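Take a look at the structure below.
Just so it is clear, none of the values below were taken in a lab; they were calculated from the coordinates. In this text, all values refer to a predicted model and were calculated from it rather than measured experimentally. Positions of Cβ are backbone-derived with ideal geometry, glycine not excepted, and every protein chain shown enters the neighbour counts.
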Amino acid sequence: MSHASTLRASVAAAVFLVLAAPARAEDEALPADQVIASINAAIASYPGRIKEVEVKRRGGRLLVEVEVVGEGNRKREIRVDPSTRQVVTK
């Protein structure tokens, strides 16, 4: 499967997860477009398959945490600031 196909499948799965259960951190929610953009930023920085997506407050700010399974089945948690779409940790 090509990288583009993998990315499309990953985003489609993430959209389903976002629509099935609203992204929340405590009593806060994010719009789906911010979560999807954060997922895209995470996959761009570390290509692979999405295992889990969560919204959490870390260090006083809201982050989207994307668990990605990359080459060799290596897992990595990518944290993205949804307001800037910047990867803050890999």
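A few comments on the model shown:
- Output for the range 61-80, where each listed residue is buried (at least 17 other Cβ atoms within 10 Å of the Cβ) and not aliphatic (A, V, I, L, M): Glu65, Arg79
- When residues of the range 26-45 are limited to those that are aliphatic (A, V, I, L, M) and not in a helix (DSSP H, G or I), the one farthest from Thr84 (Cα to Cα): Ala29
- Residue count for the range 42-60 satisfying the condition of being within 24 Å of Ala29 (Cβ to Cβ) and surrounded by 18 or more Cβ atoms within 10 Å (Cβ to Cβ): 5.
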